[in-house]
1. For the chain, give the share of DSSP beta bridges that are antiparallel, in percent and rounded to the nearest 5; count only bridges with both residues there.
2. Rank by packing, highest mean first: peptides 264-277, 187-200, with packing defined as the count of other Cβ atoms within 10 Å averaged across residues.
3. Using the structure shown, select from 44/210; 63/121; 7/90 the pairs with a Cα to Cα distance greater than 19 angstrom.
4. Give me the 1.4 Å probe accessible area per residue for the chain, excluding ligands and nucleic acids, in Å².
5. Separation between the residue 45 and residue 363 pseudo-spin-labels, each 7 Å from Cα along Cα→Cβ, expressed in nm?
6. Only helical DSSP H runs with n ≥ 4 go in: add -39500 (n - 2.57) per run for the chain, normalise by residue count and round the 222 nm mean residue ellipticity to 500 deg cm²/dmol.
7. Would you mind working out the magnitude of the charge dipole of the chain relative to its Cα centre, with +1 at each Lys and Arg C-beta and -1 at each Asp and Glu C-beta, to the nearest 20 Debye?
8. Between rounded, prolate and oblate, where does the range 258-375 land on the alpha carbon gyration tensor, with a ≥ b ≥ c its root eigenvalues, rounded for a/c under 1.5, else prolate if a/b exceeds b/c?
Amino acid sequence: MKPGGQKIAILGSTGSVGVNTLNVIRSYPHRFQTAALAAGRNVKLLAEQIAEFKPRAATVLTKELAEKLRSLLDPALKVEVAWGEEGYEKIASLDEAETVVSAMVGAAGLRPTWAAVRSGKRVALANKETLVMGGELIMAEAESRGAQILPVDSEHSAIFQVLCGQNRADVKRLILTASGGPFLNKSPQELAEVTSKEALAHPQWTMGAKISVDSATLMNKGLETIEARWLFGFSMEKIDIQIHPQSIVHSMVEFVDGAILAQMGCPDMRVPIAYALSYPERLPLDLPCLDLPCLPDLNFRQPDLEAFPCLALALEAGRSGGTSPVILNAANEVAVQSFLNGELNFLDISLVVRETLRQKPLEPLEDLEHIVKINYEARQKAKEIIAEMGRVNN
Ligand code: MG
C-alpha cells in the first residue's frame with residue numbers, strides 16, 4: 001500500500017509523544033505520511049523509525065550523533081541528516097510538511113516551534129514550555145501567519161474538545177484536572193526523602209523523566225495553567241485546578257449557566273495526538289473503552305499549595321507575567337535535572353525555583369531573542385544557586 005495523506009514532521013520522535021504519534025501514523029498509512037523526524041540523542045531508535053517510516057529528512061542534537069545516525073542508515077533511503085538548532089528549525093519549517101508535532105522536551109522546543117509557527121504550519125503542540133515561555137508572542141505570530149495550534153497535552157485537548165461549538169463569552173472557568181502524581185498523600189518529611197526512581201513512577205501516565213518529575217512536584221499543572229492561559233485566551237483567574245487521582249476526567253469547562261462539560265476516557269496519549277492530527281474529524285482508535293460500571297469512584301479536591309510549592313510558584317509567575325514564567329521554567333528544568341542526577345533532594349527543586357525568581361528581576365518580554373537570553377541567564381543563575389546549596393550542605 002502506498003502511503004499518502006497529510007505530511008507530518010515530528011520534533012522529538014523518540015520521546016513518549018513522538019513514539020505515540022508514530023503509532024497513530026502506523027495505523028493510518030493512507031491518511032498520514034512521515035515527512036521528517038527529529039530526535040535528541042537516541043540515534044538507535046531514530047534509525048529504526050527512519051527505516052520504517054522513510055522520512056526525507058532527519059535531525060539529531062550534535063554533529064557526532066548525525067555521523068553515527070548516517071552510519072546506521074541504509075544509503076538507499078537518501079535521508080538528509082542534519083544536526084543542532086539549525087537542523088531542528090529546518091525540520092520545523094520543511095516545505096512539504098503540513099503539520100509539525102512539537103514534542104521536544106523543555107525550552108529546547110522554543111525555537112523550532114517558533115519556526116513552525118512562522119512557516120504557517122498546523123502545529124500539534126505537546127511542548128508546553130514553549131507557551132509557558134513565549135505564549136503571548138507565539139499566539140500573536142500564529143494569528144498573523146495563519147498557523148493553527150492544536151493541543152496535544154491531554155488536559156488542553158480535553159478543554160479544546162469541550163469548547164468546540166461553544167460561545168467563549170459563556171465560559172465561566174476552565175477546570176484543569178491533575179492526577180496529583182505519585183506523592184499526593186506524602187507528608188513533608190516523607191517528601192524530603194523521595195528518590196528520583198519513585199518520582200518517575202507515575203500512577204496513571206507513562207511519560208518521559210522531566211514531565212514525570214514535574215507531575216510529582218505539581219509544577220506540571222502550574223505550567224499547564226500558563227499554557228491554557230495562552231492557548232485559550234482566558235486570564236489565570238479563570239483557570240482552576242482540581243486534583244483527580246483517577247485521571248478519567250481529562251479536564252472540564254464550567255459555563256455561566258452552571259453546566260460543566262467534561263471530556264473523559266482512558267489515559268492514553270494516542271487520543272489527544274490523533275485528535276490534533278485529524279481535527280475536526282475523529283479517527284477510530286483501537287483502544288480499550290471506558291468500562292463505566294467498573295469505574296472507580298471519581299474524586300476531586302483542591303490542590304494543597306503548601307505541600308506542593310512548585311505549583312504555587314508557577315501560578316504566581318503566570319499572574320506576574322513578563323519574564324517570570326521564563327525564569328520559573330528555566331530554573332525548574334535545571335533543578336529537575338539536578339534532582340535526576342542525585343544532586344538535589346525533591347524539596348530542593350522548589351527552593352531553587354523560588355530563589356532564582358527572587359534573584360532575577362521581572363521585566364516585560366520583548367521578543368524571541370529576549371526570551372532566549374532570559375532563559376540562558378536564569379539557567380546560569382539556577383546552577384549557581386544549586387552549587388551554593390551543595391557547598392552549604394557538604
Ligand atoms: Mg498534561
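The values are calculated or read from the model by the stated rules, or taken from the named source; none is laboratory data. Note that the structure is a prediction, hence the values are computed from the model and not measured. Neighbour counts are summed over all protein chains in view; Cβ atoms, including those assigned to glycine, are modelled from backbone coordinates with ideal geometry. Ligands, DNA and RNA are stripped out before the accessible areas are found, and what is left, the full protein with its side chains, is counted by its heavy atoms. Shrake-Rupley method; radii C 1.70, N 1.55, O 1.52, S 1.80 Å.
1. 25
2. Values: 264-277: 21.5, 187-200: 13.1.
By packing density, highest mean first, the sequence is 264-277, 187-200.
3. Values: 44/210 21 Å; 63/121 27 Å; 7/90 15 Å.
Listed pairs above 19 Å: 44/210; 63/121.
4. Numbers: 17510 Å² over 394 residues.
Spelled out: the 1.4 Å probe surface of the chain, per residue, equals 44 Å².
5. Distance between the two pseudo-spin positions: 3.7 nm.
6. Details: 16 runs with 188 residues, N = 394.
My calculation for the chain gives -14500 deg cm²/dmol from helical runs alone.
7. Values: 40 positive and 48 negative charges, 176 e Å.
So the dipole magnitude of the chain works out to roughly 840 debye.
8. prolate
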